[in-house]
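K.L.:
One structure is given below, represented as structure tokens, and several questions about it will come after.
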Amino acid sequence: MDPVLIVAAIGLGIFILMFLGVPLKSFKWVGNGVVRVMIGALALFLINVFGNFMGLHLPINLFTSAVTGILGVPGVLMLFAVHFLVLPGTM
């Protein structure tokens, strides 16, 4: 899939969730979590694009996106630490 389409889809999803929101207040936390996971996926995508020059790669899946979206920069550093220390042969 084209990276431009991925970024556009994630951006559109964030835009829709931010401005339209979830209609029920009881599900507001679900919308917030989805937005965080989508922002985490976008952050991982950008890390992979710019980290490719240095040989850095983190897989983009639901778990890594959630860790990145919820924990932010410490979460990304933790993912890199796990990738380098626990799984050293996979790079």
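The values are calculated or read from the model by the stated rules, or taken from the named source; none is laboratory data. All figures in this text were calculated on a predicted structure; none of them were measured in a lab. We work out accessible area using only protein heavy atoms, side chains counted, and drop any ligands, DNA or RNA first. Shrake-Rupley method; radii C 1.70, N 1.55, O 1.52, S 1.80 Å.
K.L.:
Percent of accessible area on the chain owned by carbon and sulfur, 1.4 Å probe?
P.N.:
Roughly 79 percent of what the probe reaches on the chain is carbon or sulfur.
K.L.:
Per the Kirkwood definition applied to all pairs of different Cα atoms, how many angstroms is the hydrodynamic radius of region 36-78?
P.N.:
Across region 36-78, the inverse of the average 1/r is 9.9 Å.
K.L.:
Right, here's the next one. Hey, what do the phi angles of region 37-54 turn into as Karplus ³J(HN,Hα) couplings, whole Hz, using 6.51/-1.76/1.60 and θ = phi - 60°, x for Gly and Pro?
P.N.:
5, 5, 5, x, 5, 5, 5, 5, 4, 5, 4, 5, 5, 7, x, 4, 5, 9
K.L.:
Next question. At 1.4 Å probe radius, can you tell me the per residue accessible area of the chain in Å²?
P.N.:
70 Å²
K.L.:
If only Cα atoms are counted, what is the Rg of the chain, and what is its Dmax, in Å?
P.N.:
According to the Cα coordinates of the chain, Rg and Dmax are 14.7, 47 Å.
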